[in-house]
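Bear in mind these aren't lab numbers, they're just calculated from the coordinates by the rules spelled out. Predicted model only: the values in this text are computed from it and were never measured. Note: ideal-geometry Cβ built from the backbone for every residue, glycine included; neighbour counts use all protein chains shown.
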Amino acid sequence: MSGKGSVRFQRVVRKHGDFIALKGIDFDIRPGEFFALLGPSGSGKSTTLRLMAGLDKPTEGQIFFDGHDVTSLDAQDRDVAMVFQSYALYPHMTVAQNIAFPLEMAKLPKARIGAEVAEAARKVRIDHLLDRKPGQLSGGQQQRCALARAIVRKAGLFLLDEPLSNLDAKLRLETRAELKKLQRNLGVTTVYVTHDQEEALTLADRMAVFMEGEIVQIGSPAEVFARPNSLDVAAFIGSPPMNLMQAEIRDGVPCLAGHPLPVTAPVGTGGIVVGVRPSAVVVGDSGIPCTVDLVENLGDSGILDLTFDGGTARARIGDPTLFAEGQRLHMSFASRDIHLFDAVSGRRLGQDAP
C-alpha cells in the first residue's frame, strides 16, 4: 500500500524479556483514514502506537509509511504528530508558545510561526486563549491545545493515545464530535488508541480489535458490530454486550432452554453458543419463559435482566415502567439477530463468518 499517510505493519513482534506484547500483527491503514486500535488494557494497542511513532522498535517484522520501510527510523525522523493522554503541555509556556514549540524547533521564521499558530488555534477554537497558560485552561481546552500543536506540524500521520480519557462524560461527547469533524477537515490519516468501544464505534472508519497481543478482527465499526468473528469480540463490542447463551443441538437445530431457535446449526457442530444483542431480544407472550430479575431505568429506555432455565440474558426495552422485578415473561429472537459460535474454539459459525 502506498499514498500519503498510509501505514503497513508486516508480521510485527514486540517482546519485553520473556513477555510477548505483540505476537506478529499485520494490518494496513489507508491514506486519510480514521483508524482505531481498540482493546482492553494490556492487549497491545498502545505498544502498537509507540512502534508507529518510533518511540520503540519491533523485535521482529517491518513497518512501512507510504510504502517506505521506517522500521529503524527514530521518532524525530518520522512524519508523525502525537497527542498523549496527558497532553504533555509545558506549564510555564502560554498556549501560543506551546503550539509554536515544534515550529521553533524546526527554526521557521517568526512571522510564519505566528500565522501558523493562529490558524491552528482557530481550527480547534482556542484562538481567544493564546495568552493563557495550561493551568488556566479546562481539560477540554488543554486537549485542544495539544491538538493544535500537532496540527501545526502538518504531519502525514496523527497518533492519538486515549486523548479523551481525562475529560468528564459530557465534555468527552462534545470533544469526540469536534475531533471527528477536525479530522475530516484536515484529511490527515489518524490512528486512535482507546479501550472505550463507544469511541471507536463512533469515530473510526475502520478499527482493529486487540486481544492479548493479537489483532482478532479488523473492519468497519458496522461490520465488527454486526458480525463479530469470535466470542471474545462479541463479548467486548456493544453496550450492554451481546448475550452469550449455551445451547444444544437437536436434529440440526440450536435449542435454548429446550426451545428450538429459528436458525439451522452448521453440520458437524458440537457445543454451540448463541449470541443475541440486548436490543434484539423481544419480550412478550411467546418464546422462552423467563423472569425479570432487575429493571434498570435509563430515562428514555431501560434494561431488563432476565433469568431463564439454564441461563441469563439482558433485553433493551423502550419503557422500563411497564415492567417489574419478578414479572414472568417470554423472550424470543428473529433469525437475522441470532449469532452462532463454536463453544470450544470461540469462532463464529455460519455462512456470514469472516
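Karplus-based coupling profile of segment 252-258, in residue order and whole Hz: x, 10, x, 10, 10, 6, x, with θ = phi - 60° in 6.51 cos²θ - 1.76 cosθ + 1.60 and x standing for Gly or Pro. Taking a sphere under 14 Å around the Cβ of Gly346 and counting the other residues whose Cβ falls inside, with K and R at +1 and D and E at -1, yields a net charge of -2.
Among the listed values (i) 26, 47, 24, 3; (ii) 31, 62, 7; (iii) 28, 60, 12, the one computed from these coordinates for P(r) over Cα pairs in 20 Å bins from 0, in percent is (i).
The angle between the Cα long axis of helix 110-123 and the main principal axis of the chain comes to about 20°, on a 0 to 90 degree scale. To the nearest 10 degrees, how steeply does helix 139-152 sit against the main Cα axis of the chain, on a 0 to 90 scale? Once rounded, the angle reads 60 degrees. Against the chain, whose longest principal axis comes from its Cα atoms, helix 169-186 is set at around 60 degrees. Backbone amide hydrogens, once placed in the peptide plane, bring Met211 within less than 5 Å of Val216, excluding anything fewer than 5 places away on its chain.
Across the chain, the relative contact order, built from alpha-carbon pairs under 8 Å that are at least six residues apart, equals 16 percent. Positive contributions from Lys and Arg (+1) and negative ones from Asp and Glu (-1), summed over other residues with Cβ under 9 Å from the Cβ of Pro278, come out at +3. Cβ under 13 Å from Ala200's Cβ, Ala200 left aside: what net charge do those residues give with Lys, Arg +1 and Asp, Glu -1? Value of the local net charge: -2. Charged side chains reduced to their Cβ positions (Lys and Arg at +1, Asp and Glu at -1) give the chain a dipole of some 1420 debye around its Cα centre. What is segment 78-167 by shape, rounded, prolate or oblate, if you read a ≥ b ≥ c off the alpha carbon gyration tensor as root eigenvalues and call it rounded for a/c under 1.5, prolate for a/b larger than b/c, and oblate otherwise? Note, shape of segment 78-167 comes out oblate.
With a simple spin-label model that places each label point 7 Å from the Cα along the Cα-to-Cβ direction, the separation between Ala118 and Ser165 comes to 3.8 nm.
The label point for Thr307 and the one for His68, both projected 7 Å from the Cα toward the Cβ, are 6.4 nm apart. Placing R0 at 41 angstrom, the Cβ-Cβ distance between Asp300 and His92 gives a FRET efficiency of 0.30 after rounding to 0.05. What the Cα atoms of segment 232-349 give is an Rg and a Dmax of 14.2, 45 Å. Can you pull out the trypsin sites (Lys or Arg not before Pro) in segment 78-166 that DSSP calls coil and that have at most 11 other Cβ atoms within 10 Å? When the trypsin sites (Lys or Arg not before Pro) of segment 78-166 are filtered for loop state and at most 11 Cβ neighbours within 10 Å, Lys107 remain.
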